[in-house]
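Here is the structure we will look at.
The values are calculated or read from the model by the stated rules, or taken from the named source; none is laboratory data. Remember, it's a predicted structure, so these values are computed and weren't measured experimentally. Cβ sites come from the backbone with ideal geometry, for glycine too, and all protein chains shown count toward neighbours. All accessible areas refer to the heavy atoms of the entire protein, side chains included, with ligands and DNA or RNA removed. Shrake-Rupley method; radii C 1.70, N 1.55, O 1.52, S 1.80 Å.
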Amino acid sequence: ILGFSTPPGRLSMMAFILNALTCALGLLYFIRRGKQCLDFTVTVHFFHLLGCWVYNSRFPSALTWWLVHVVCTALMAAIGEYLCMRIELREIPLNSAPKSNV
């Protein structure tokens with residue numbers, strides 16, 4: 001069903017790309033470490049590959065399937081890492097005055 005020539009194929013590809021963007025936000029909220037984003041992204045896509053293999057009873061061989069998933073993996077990892085690094089590189093507030101809550 002993935003293909004550039006049919007509207008359902010283009011719609012499916014757009015859904016995969018939007019899924020990669022929302023999963024990048026998931027990396028931000030659940031992983032929170034820029035160094036681990038690529039690991040979790042590849043793991044998620046590997047399990048998706050295994051699921052597709054079991055569901056279809058054959059290994060995915062369509063070039064468009066592989067292209068879409070490579071692009072989505074790269075997009076999810078890059079955006080997830082960028083978002084996580086923004087959180088990690090925030091300034092740490094240093095207040096030298098002691099707080100007294102008497």
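Condition check ((1) buried (at least 17 other Cβ atoms within 10 Å of the Cβ); (2) under 11 Å from the mean Cα position of the chain (by Cα); (3) touching a residue at least 12 places away in the same chain (Cβ under 8 Å)) across all residues:
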{"residue": "29", "(1), (2), (3)": "no, no, no"}
{"residue": "39", "(1), (2), (3)": "no, yes, no"}
{"residue": "79", "(1), (2), (3)": "yes, yes, yes"}
{"residue": "87", "(1), (2), (3)": "no, no, yes"}
Q: Please identify the pairs in which a residue from region 49-69 that is in contact (Cβ under 8 Å) with a residue 60 or more places away in the chain has its Cβ atom under 9 Å from the Cβ atom of a residue that is outside any loop (DSSP other than H, G, I, E, B), counting only partners at least 6 apart or on another chain.
A: 64/9; 64/13; 65/52; 68/12; 68/13; 68/16; 68/17
Q.
For residue 21, only one of the following conditions fails: (1) open to solvent by 90 Å² or more (accessible area, probe 1.4 Å); (2) at pLDDT 90 or above; (3) touching a helix residue (DSSP H, G or I) at 6+ places or on another chain (Cβ under 7 Å). What is its number?
A. (1)
Q.
Being at pLDDT below 90 and closer than 11 Å to residue 83 by Cβ is the filter here; which residues of region 30-41 pass it?
A. 31, 32, 34
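Residue by residue through region 53-97, note down the ones that are among the acidic types (Asp, Glu) and part of a helix (DSSP H, G or I).
81, 88
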